[in-house]
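Following: one structure in structure tokens, then a few remarks.
The values are calculated or read from the model by the stated rules, or taken from the named source; none is laboratory data. A quick note: this is a predicted structure, and the numbers were derived from the prediction, not measured. Reconstructed Cβ throughout: ideal geometry from the backbone, glycine too, with neighbour counts over all protein chains shown.
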Ligand code: F6P
């Protein structure tokens, strides 16, 4: 069997037709190819994932036709997937087996959406039901009047809740949610200023229940309640954690601890009790709809082979640009105000998962791993950073994300202009335009993919997130790395602790900075 290294070399030496050539199915401006062009190409490289039975459930269109994927590249990656036992790894993921060897853990986030090993799904559903009961009880007044929720967590314990609340609760919210992550007290003070302490709950979200930023902020939030006359501040705290013993020790009553499984990674935990603030804001029905949308993607990813698997196809393109074309970054632009936090969410998901330099069996990797993920919101970004995309020297693959249905009720002109701009950017990046002078020349041949939701509802948000989780997993398998650990973040934490404890000599620069800040 051909080895992965040989397959990468083969991919590297394939012809590199331009997007224009691929769309016209003509090489070098003349000779025809048997590659499907035009509408046939679009049909070959687009597909939908339906989010439920019937047209009203809606779906998402994934159009990868404006990338350089062609039949030869796809065939090369399909062979690579075989060589890396992609199907076997995927079966292990959904079978609840250990896929995170450095920590000896499974990665069970999909069980929370009802996908995977039966016993594990049953356990996960019981956890979701428990959260549902607490959310509904609070909504019905079990903890008195609740108008505000201060959600304290960081990284995976904050980015998902912030995204979910921001995307789904703009029209209607049971209570307002303030996500506080930074240890910088300014963040917490900002939340305090917007909340009435007598009507505020505090959610302490930490998988480990040990993270210094979260625990320090939680103590300060308790103090704020106490200082403002709340009789039983501890009774206003809900703990969201995979370490319930730690939460009990910290003083949270068991009835207000919502546990989740150790085998759910922090950046994959939005589906678990870490998603509590989303459910608090929009209700359990919408939270469950988010899980259902994610499940639709799980099933597509689990049951579809080769490049017909839309997630795997996206991963082929990602790896093609990173490893074959040498792209160091990839950009994501949501043409939807409600997805303003999506690029931030993806940054952690992709960079913390696949920013690795050794393979799962501890060998140095044989090529670059995760690109740097960045992005923003359209059309704003067009007027800020798109200059570089169109004429800069970097080749940057772009994902555009949009919704056919508008999120607003204003004149339809708003949404029409938004979508037309989104599609125009992809077309312009690809086509380019010869200019009268070099400054007005647009080289074109710049790739993009478009993800178009019928509507950005809870199901679509869940599906979008699950799509990217699996995309990260697929790329990790094809690169032979473990996407589920994150030891890179530990050294800095250890050093911060050592600095705080004192007694250790650091480099001259760090010592001088400590001195300058009065911390020496
Ligand atoms: O420092 C990185 C990290 O471990 C993330 O992976 C995680 O999401 C975050 O910190 C928060 O951890 P915890 O939920 O345990 O507080």
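Somewhere in region 235-248, is a residue more than 16 Å from the ligand (Cβ to nearest atom) and in a loop (DSSP other than H, G, I, E, B)?
For region 235-248, residues more than 16 Å from the ligand (Cβ to nearest atom) and in a loop (DSSP other than H, G, I, E, B): absent.
Quick one: in region 156-178, of everything that is within 16 Å of the ligand (Cβ to nearest atom) and under 14 Å from residue 341 (Cβ atoms), which residue is surrounded by the fewest Cβ atoms within 10 Å (Cβ to Cβ)?
162
So if I check each of 415, 390, 468, which one is over 23 Å from the mean Cα position of the chain (by Cα), crowded, with 16+ Cβ neighbours inside 10 Å and under 29 Å from residue 290 (Cα atoms)?
Values: 390 fails: under 29 Å from residue 290 (Cα atoms); 468 fails: over 23 Å from the mean Cα position of the chain (by Cα).
That would be 415, the only listed residue that is over 23 Å from the mean Cα position of the chain (by Cα), crowded, with 16+ Cβ neighbours inside 10 Å and under 29 Å from residue 290 (Cα atoms).
Looking only at helices (runs of 4 or more DSSP H) that fall completely inside region 428-520, which ones have 2 or more residues that are away from the ligand (no atom under 16 Å from the Cβ) and modelled with pLDDT under 95? Walk me through how you get there before you give the answer.
Numbers: elements: 458-479, 490-501, 508-516.
Per the criteria, 490-501, 508-516.
Tell me which residues, restricted to region 471-487, are within 25 Å of residue 208 (Cβ to Cβ) and in contact with a helix residue (DSSP H, G or I) (Cβ under 6 Å, 6 or more places away or on another chain).
The answer is 472, 476, 483, 486.
Picking from 307, 289, 281, 296, which residue would you name as being farther than 20 Å from residue 117 by Cα, in contact (Cβ under 8 Å) with a residue 24 or more places away in the chain and in contact with a strand residue (DSSP E or B) (Cβ under 7 Å, 6 or more places away or on another chain)?
Result of the check over 307, 289, 281, 296: 281.
For region 352-367: of the residues being surrounded by fewer than 16 Cβ atoms within 10 Å (Cβ to Cβ) and farther than 18 Å from residue 323 by Cα, which is nearest to the ligand (Cβ to nearest atom)?
For region 352-367, the residue satisfying everything is 362.
All but one of (1) within 16 Å of the ligand (Cβ to nearest atom); (2) out of contact with any helix residue (DSSP H, G or I) (no Cβ under 6 Å at 6 or more places or on another chain); (3) in a helix (DSSP H, G or I) hold for residue 208, so report the exception by its number.
(3)
Hey, can you tell me all the residues within region 310-349 that are in contact with a strand residue (DSSP E or B) (Cβ under 7 Å, 6 or more places away or on another chain) and either at pLDDT below 95 or part of a loop (DSSP other than H, G, I, E, B) (or both)?
Those that are in contact with a strand residue (DSSP E or B) (Cβ under 7 Å, 6 or more places away or on another chain) and either at pLDDT below 95 or part of a loop (DSSP other than H, G, I, E, B) (or both): 328, 335, 336, 340.
Being more than 18 Å from the chain's Cα centre (by Cα), away from the ligand (no atom under 16 Å from the Cβ) and assigned to a loop (DSSP other than H, G, I, E, B) is the requirement here; does residue 231 meet it?
So residue 231 fits the description; yes.
It is to be established whether one or more residues within region 349-358 are in the same structural domain as residue 18 (by the TED database) and without any contact (Cβ under 8 Å) to a residue 24 or more places away in the chain.
Scanning region 349-358 turns up at least one residue that is in the same structural domain as residue 18 (by the TED database) and without any contact (Cβ under 8 Å) to a residue 24 or more places away in the chain.
Inside region 234-264, can you point out the residues that are out of contact with any strand residue (DSSP E or B) (no Cβ under 6 Å at 6 or more places or on another chain) and buried (at least 24 other Cβ atoms within 10 Å of the Cβ)?
Answer for region 234-264, where residues must be out of contact with any strand residue (DSSP E or B) (no Cβ under 6 Å at 6 or more places or on another chain) and buried (at least 24 other Cβ atoms within 10 Å of the Cβ): 241, 260, 264.
State which residue is farthest from the chain's Cα centre (by Cα) when the search covers only region 15-37 and only residues that are within 16 Å of residue 73 (Cβ to Cβ) and exposed (fewer than 15 other Cβ atoms within 10 Å of the Cβ).
34
So residue 370 fits all but one of (1) more than 16 Å from the ligand (Cβ to nearest atom); (2) surrounded by 18 or more Cβ atoms within 10 Å (Cβ to Cβ); (3) under 26 Å from residue 270 (Cβ atoms); what number is the exception?
Among (1) more than 16 Å from the ligand (Cβ to nearest atom); (2) surrounded by 18 or more Cβ atoms within 10 Å (Cβ to Cβ); (3) under 26 Å from residue 270 (Cβ atoms), the lone unmet condition for residue 370 is (1).
Got a sec? Which of 270, 274 is surrounded by 20 or more Cβ atoms within 10 Å (Cβ to Cβ), within 12 Å of the ligand (Cβ to nearest atom) and in a loop (DSSP other than H, G, I, E, B)?
Working: 274 fails: in a loop (DSSP other than H, G, I, E, B).
After applying the criteria, what remains is 270.
Quick check, is residue 349 crowded, with 17+ Cβ neighbours inside 10 Å and under 21 Å from the mean Cα position of the chain (by Cα)?
Numbers: crowded, with 17+ Cβ neighbours inside 10 Å: yes; under 21 Å from the mean Cα position of the chain (by Cα): yes.
The answer is yes for residue 349.
Surrounded by 14 or more Cβ atoms within 10 Å (Cβ to Cβ), modelled with pLDDT of 95 or more and in contact with a strand residue (DSSP E or B) (Cβ under 7 Å, 6 or more places away or on another chain): which single residue out of 146, 135, 121 fits that description?
The conditions single out 146.
What residue, among those in region 182-205 that are closer than 19 Å to residue 279 by Cα and within 16 Å of the ligand (Cβ to nearest atom), is surrounded by the fewest Cβ atoms within 10 Å (Cβ to Cβ)?
Taking the candidates together, the pick is 202.
If you go through region 8-30 one residue at a time, do you hit one that is in the same structural domain as residue 458 (by the TED database), under 26 Å from residue 264 (Cα atoms), in contact with a helix residue (DSSP H, G or I) (Cβ under 7 Å, 6 or more places away or on another chain) and at pLDDT 95 or above?
Looking for residues that are in the same structural domain as residue 458 (by the TED database), under 26 Å from residue 264 (Cα atoms), in contact with a helix residue (DSSP H, G or I) (Cβ under 7 Å, 6 or more places away or on another chain) and at pLDDT 95 or above, one finds none in region 8-30, hence no.
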